[in-house]
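Below is one structure, written out as structure tokens, with a few remarks after it.
The values are calculated or read from the model by the stated rules, or taken from the named source; none is laboratory data. Worth saying up front: this structure is predicted, and the values here are computed from it rather than measured. Cβ: placed from backbone, ideal geometry, glycine included. Neighbour counts: every protein chain shown.
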Amino acid sequence: MNDNDASITGNSTRRPPWNRGKIIGPKPPLRQGHVWSIRTRLQLQKRIRDLALFNLAIDSKLRGCDVVAIRVDDVAPSGYTSDRATVRQKKTGRPVRFEMTEQTRQAIDDYLRVTGRQRGQCLFAGRRGPDSGLTTRQYSRLVGEWVASIGLDPLKFGTHSLRRTKATLIYRRTGNLRAVQLLLGHTKIESTVRYLGVEIDDAIEIAEKIDV
């Protein structure tokens, strides 16, 4: 029996699919209640770094690779966290600007005061030492811990859930796709439509609000 015969009869040894046991597809955003629950739990547990990381991830709306690459200079060039920051995206090479709320600024300032992180260093240190940044895998693992701590299935949520959370809320409240496109750093509005899962009913509802 040759290899072709073996494959036909089902006797060949096949490698299991990479996604066996995994939930694939877009990760849903967190709801506002989820955000407050995670934030409160991190505060109670005095997880200063995780609180700063979580808040910054929600506000920045950045991909995981960009979140972990943020440096102290990007958010606190003068020693204190700024109201706004600009980060160049790894995927597109384009800069994207984002706002930081008061609670995010306070969380980052507390974290910087405790850790003594300085200009030129990655904002969030990894396990390899103070000069190394948090890896995307470590960040993903932390997100899994956060969502699991409030009873959510960590297989259903991921780092992209944090990226999508505030963008989705902004869209739902304003219907302004162009604003969300700019905040996410998308080059095409079609990418934003797909990313948010905008359906035809949503688009029609937005159009009905516009008088020409």
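When restricted to residues that are assigned to a helix (DSSP H, G or I), surrounded by fewer than 18 Cβ atoms within 10 Å (Cβ to Cβ) and more than 16 Å from the chain's Cα centre (by Cα), segment 167-181 contains 5.
The lone criterion from (1) at pLDDT 90 or above; (2) more than 30 Å from Arg41 (Cβ to Cβ) left unmet by Ala167 is number (2).
Of the residues making up segment 52-108, those that are assigned to a loop (DSSP other than H, G, I, E, B), within 26 Å of Lys188 (Cβ to Cβ) and without any contact (Cβ under 8 Å) to a residue 40 or more places away in the chain are Lys90, Lys91, Gly93. Apart from one condition, Leu42 fits all of (1) closer than 30 Å to Asp153 by Cβ; (2) surrounded by fewer than 19 Cβ atoms within 10 Å (Cβ to Cβ); the exception is (2).
For segment 143-154, the tally of residues that are surrounded by fewer than 18 Cβ atoms within 10 Å (Cβ to Cβ) and either among the polar types (S, T, N, Q) or under 18 Å from Leu44 (Cβ atoms) (or both) stands at 5. Inspect segment 37-48 for any residue being touching a helix residue (DSSP H, G or I) at 6+ places or on another chain (Cβ under 6 Å), closer than 15 Å to Phe124 by Cα and modelled with pLDDT of 95 or more and give the result as yes or no. Looking through segment 37-48, at least one residue is touching a helix residue (DSSP H, G or I) at 6+ places or on another chain (Cβ under 6 Å), closer than 15 Å to Phe124 by Cα and modelled with pLDDT of 95 or more. Just one of the numbered conditions (1) buried (at least 17 other Cβ atoms within 10 Å of the Cβ); (2) in contact (Cβ under 8 Å) with a residue 40 or more places away in the chain is not true of Gly120: (1).
Quick one: is Ile8 within 30 Å of Glu102 (Cα to Cα) and either modelled with pLDDT of 50 or more or not in a loop (DSSP other than H, G, I, E, B) (or both)?
Numbers: within 30 Å of Glu102 (Cα to Cα): no; either modelled with pLDDT of 50 or more or not in a loop (DSSP other than H, G, I, E, B) (or both): yes.
For Ile8, the condition - within 30 Å of Glu102 (Cα to Cα) and either modelled with pLDDT of 50 or more or not in a loop (DSSP other than H, G, I, E, B) (or both) - is not met.
Looking only at segment 109-144, residues that are in a loop (DSSP other than H, G, I, E, B) and under 16 Å from Ala76 (Cβ atoms) come to 8 in all.
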